[in-house]
Structures are given as structure tokens and as C-alpha cells.
Amino acid sequence: MEKKGWDGFEIGAMLRTFDGAVSDIATTLPENRPYSQSSSFTASVADWRIEKPLFNKDYCIDCQFCWVYCPDMSIISRDKKMIGIDFDHCKGCGICVQVCPTNPKSLLMFPEQKDEESALAEWPKKEKKDQAEEPKED
Amino acid sequence: MSEMKKIKNLKDFSTSADRFEGANLLCPGCAHSIIVREVLNATNDDLILAASTGCLEVCTAVYPYTSWDASWIHIGFENGSSAVAGAEAMYKALKTKGRLKQPDRVPKFVAFGGDGATYDIGFQWISGCFERGHNMMYVCLDNEVYANTGGQRSSSTPIGASATTTPAGRVSYGEKRNKKDMMAIMAAHGAPYVAQVAPNKWKDMVAKIQKGFAAEGPVYINAMSACTTEWKFAPEDTISISDLATDSLVFPLYEIIDGTKLNITYRPKNIVPVRDYLGAQGRFKHLFTKQYDYLIDEWQTRVDAKWDYLQRREEASV
């Protein structure tokens, strides 16, 4: 299908999300869907980001808070496990980091150019709960 | 009738395959798409959707892309509700004539509209749909402002909020009138189910959406949608602002069944002062001077009175 110009469309034109038939979309995972080029799934908003979230699976408890509160369907969960982030559609809002309940957080924001390996190497360690009370114990 | 999707916990819920796609042009941190996801993932049935003009519509259908994996239509600012009502009437007619191609598949009819399309511009159309009793759900994404066109006030904008047509300044504290009580108006239509939801209480929301889908007749859902751009807070704070809104009881979560029986579905353990909710948002920051202290006190009194009223109604079940 070739893309039409803005004036090449008829009034009431219809965009199809899929090429070919999909019998039940609600039970078909994105990787098995035949997206057409009209679906925004084929587009990317990666250039909106200044900071990106990175995921450290060592601390993740698979609570799925990040999945349910992600506004951009960018947290990939399969079989009740959080497996990664979709960087084509993530806009870098940071909600996933805010709602992450683990200590230390298993999602953190890093500058866009940061590579994953060095981010994981400098991941913060577990914070003690009552740091303010520590001096008293000494 | 198809079986209701079983969602016991968040892990169950996370196996849903989204029917709303990324790379839409909603702002980073927009609550609209969190609400849309929670509504669409609450069912596995086919969906017939419409959106009235507003942020959700302009951002999810930008040529040459669509972000919807279901039948979706946009017509005008006012008639998202009647578009879906028309589709529902058509479905009923075809069913009666036995001309449905897949009669075992029962679709759900959902219309989305912003608060501008619901409280102001589309009000007459929605009222018509509810009076005719179509079997549909209307979801209002209530961000208390015309965010799509640059932040003009709507009849949902609360007192004291600074909007571009009611700006706060030397002589004015912003919006002068209080928010319209849309929940009571829709319940007065005798609708079988009317509920107020918030995206941060996902379980409450999914339960209400499923109740709405199970009800026969028109269902109204008022969804609080924190707007990072017009309420003026950082995009990552969407959920914490929503928490403040529900815990300060500015947005109490309740449902009204058959236009009469009221149930409160969420009672915060620690009620947060309204001052905290107002203080977290840039649109209320001008209220935090001595001359407008009385407005914040009035806010608190009003919210307390409303909560008291809801509790009394729940107790009396009228």
C-alpha cells in the first residue's frame, strides 16, 4: 500500500489496523499481530525522550504496577513476568519509576545515551529503612 | 451472553493483550491512556468504540496512523455518544432480523469523551442516549479543562483553578463557579449504573467497568484524569496526584445503581487535607497567599460536606 497525500483521501476513509484477518485480537499478543503500516504500533516516539527508564531484573518482584500504570503500553509483561521495556513507544514520562515499590527500585531513569551495562553496574544498593536513627545506635 | 473476563489480581490482569497502541501523541504521563487501557483490558469481547473530539481523539488518530485495534469512529465534538448509540441500534436490528455474521460474539459498545464533550458540548446528545436506553457505556475522561485546545475552562473546572479563559491574576483568583455534579445528573436519568473511577485504583476501576458491561442499559463512568499539562505537575507524578485526589476525597469513588442506591467503594485510611491536593498543582498555586486562604477553607468545607452527604446516602440507601 502506498501512502496517500492529505488530499488523496475520500471523505469517510477508513484506516485498517491489520493486514489480513485477525480472528480474536483480545487474545493475540502484539508479536503475533499482522500490523499494517496504518497502526501507530509501527511508528516510534523514541525521540520524545530526554531520559529513559532502565530495568534491573535482580530486584523486580513482578508486581506489575509499572505495567498497569504505563500510559504508553511500553512495559512488556509475558506470563505474569515483567521482561523489558519497549523503547520504540516509551515517551520517558517516568511513571514506572515512581510506582516501583522495591528497595532499591528495579526501574530507574537514566540519560538517553546511557548504555545498559554501565547503568546496571552503578545501580544503587539497598537503602536501610531507618537511616536517621543509625547515629543513635552507635 | 459471553462470559466476563476473570481478573483476580494484577498479575492476572497483566496477561491482557492491549488493544490500544503506543506511539499515540498523548503527552508523556497522560492519564487518558491509562484509563483507556484499564477499560479495554477489562473485557475480552469485541469492542465498538467512538471518541468525541478531544485530546484522546486528536492524539490517537493522526494521519496516517490509528492507535486502536478495534472498530473506532470519530464524528464530531458532541456526538461520540450518539455514534455508538447508532451502532448499537444497528446491532439490535440486525440481530432481530438474524443477519449477524457471528451471532455468538456479543460486542461491547463504549464511547469516550473528555469533560468538555461530556459536561458542555455533548450533554444534550448523552442525555438523549440515556433517555432512549441504549445498551452502551459512556466514559468521561474528566481532566477539568479543555486541554486539547489550550486549557479553556469547562463546566467541570473547579473553583479557584487558573485556566486560559479564567486566568488568575491581580483581580481574579481564576474560575469562579463550582464543578457541575455530572454523576447526580446521569443517575437522575435512571441509568442502571453510574460510577466515578480513578486510574490509580485499578482494581476498583476494573470491577466497576465489568459491572457496567454486565448492566443492561446506558452506563456512565466518570473517570478522573490528571492532566500533567494543564494541572501543571511533572509527568511522573500522574499517579501520586491521582492518589492525592482520591485520598483527599476531592474525587470520592462511588457508584449509583438504578439511579438510587449509592455505594462508596473506596474509603481512604488516612484522609489527606485538600490543601495538599491543591498545593501539588500549578493551576492552584496562586491560592497560597493570605488573601485566598478563605478559598482553601471553603474547599475543605465543601469536600467534607460532600463526603458526609455520600455517607448519609449510602446509609439510607436512597
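The values are calculated or read from the model by the stated rules, or taken from the named source; none is laboratory data. Small disclaimer: the values here were computed from a predicted structure and weren't measured. In this analysis, Cβ positions are derived from the backbone assuming ideal geometry, glycine residues included, and neighbour counts consider all displayed protein chains.
The table that follows gives values for the structure above.
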quantity	calculated
Residue satisfying condition, being out of contact with any Pro (no Cβ under 6 Å at 6 or more places or on another chain), more than 9 Å from chain B (Cβ to nearest Cβ) and under 19 Å from B:SER67 (Cα atoms), within set A:ILE83, A:ILE61, A:ILE76	A:ILE76
Residue, surrounded by the most Cβ atoms within 10 Å (Cβ to Cβ), within region A:49-64, restricted to residues that are under 13 Å from the mean Cα position of the chain (by Cα) and in a loop (DSSP other than H, G, I, E, B)	A:GLN64
Where B:GLU21 falls short, out of the listed (1) among the charged types (D, E, K, R); (2) under 23 Å from A:ARG49 (Cβ atoms); (3) out of contact with any Pro (no Cβ under 9 Å at 6 or more places or on another chain)	(3)
Flag for B:ILE256 being part of a loop (DSSP other than H, G, I, E, B), surrounded by 13 or more Cβ atoms within 10 Å (Cβ to Cβ) and either at pLDDT below 95 or not aromatic (Phe, Trp, Tyr) (or both)	no
Residues located in region A:25-48, provided they are within 8 Å of chain B (Cβ to nearest Cβ) and either in a loop (DSSP other than H, G, I, E, B) or touching a Leu at 6+ places or on another chain (Cβ under 8 Å) (or both)	A:THR28, A:LEU29, A:ARG33, A:GLN37, A:SER38, A:ALA43, A:SER44, A:VAL45
Any chance B:SER33 is facing chain A (nearest Cβ under 7 Å) and either surrounded by fewer than 21 Cβ atoms within 10 Å (Cβ to Cβ) or out of contact with any Lys or Arg (no Cβ under 9 Å at 6 or more places or on another chain) (or both)	yes
Helices (runs of 4 or more DSSP H) within region B:1-118 that include 3 or more residues closer than 30 Å to B:PRO158 by Cβ	B:31-40, B:55-60, B:80-97
B:ALA17 within 30 Å of A:LYS4 (Cα to Cα) and either hydrophobic (A, V, I, L, M, F, W, C) or over 23 Å from the mean Cα position of the chain (by Cα) (or both)	no
Number of the exception - A:GLN98 against (1) modelled with pLDDT of 95 or more; (2) more than 9 Å from chain B (Cβ to nearest Cβ)	(2)
Residues of region B:236-253 classified as hydroxyl-bearing (Ser, Thr, Tyr), buried (at least 21 other Cβ atoms within 10 Å of the Cβ) and closer than 20 Å to B:HIS32 by Cα, total	3
Residues of region A:42-57 that turn out to be free of Cβ contacts under 8 Å to residues at least 60 places away in the same chain and more than 25 Å from B:CYS227 (Cβ to Cβ), as a count	3
Residue match in region B:294-303 (condition: surrounded by fewer than 12 Cβ atoms within 10 Å (Cβ to Cβ) and not polar (S, T, N, Q))	yes
Failed item in (1) closer than 30 Å to B:GLU255 by Cα; (2) at pLDDT below 95; (3) not aromatic (Phe, Trp, Tyr), with B:GLY169 passing the rest	(1)
Residue check, B:SER172 out of contact with any Cys (no Cβ under 7 Å at 6 or more places or on another chain), of a type in the set (S, T, N, Q) and in contact (Cβ under 8 Å) with a residue 40 or more places away in the chain	no
Checklist (1) surrounded by 12 or more Cβ atoms within 10 Å (Cβ to Cβ); (2) in a loop (DSSP other than H, G, I, E, B) applied to A:GLY5, failing item	(1)
Considering residues of region A:8-23 that are under 25 Å from B:ALA42 (Cα atoms), out of contact with any Lys or Arg (no Cβ under 8 Å at 6 or more places or on another chain) and more than 8 Å from every other protein chain (Cβ to nearest Cβ) only, the residue surrounded by the most Cβ atoms within 10 Å (Cβ to Cβ)	A:ARG16
Test: A:LYS128 is over 15 Å from the mean Cα position of the chain (by Cα) and either surrounded by fewer than 15 Cβ atoms within 10 Å (Cβ to Cβ) or touching a residue at least 24 places away in the same chain (Cβ under 8 Å) (or both)	yes
Single unsatisfied condition, B:GLN210 versus (1) surrounded by fewer than 21 Cβ atoms within 10 Å (Cβ to Cβ); (2) in contact with a Cys (Cβ under 7 Å, 6 or more places away or on another chain); (3) closer than 24 Å to B:ILE126 by Cβ	(2)
Residue within region B:6-29 that is more than 20 Å from A:VAL68 (Cα to Cα) and more than 9 Å from chain A (Cβ to nearest Cβ) present	no
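Matching residues to (1) of a type in the set (Ser, Thr, Tyr); (2) within 11 Å of chain A (Cβ to nearest Cβ):
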{"position": "B:ILE48", "(1), (2)": "no, no"}
{"position": "B:THR53", "(1), (2)": "yes, no"}
{"position": "B:GLU57", "(1), (2)": "no, no"}
{"position": "B:TYR65", "(1), (2)": "yes, yes"}
{"position": "B:ALA70", "(1), (2)": "no, yes"}
{"position": "B:GLY76", "(1), (2)": "no, no"}
{"position": "B:VAL84", "(1), (2)": "no, no"}
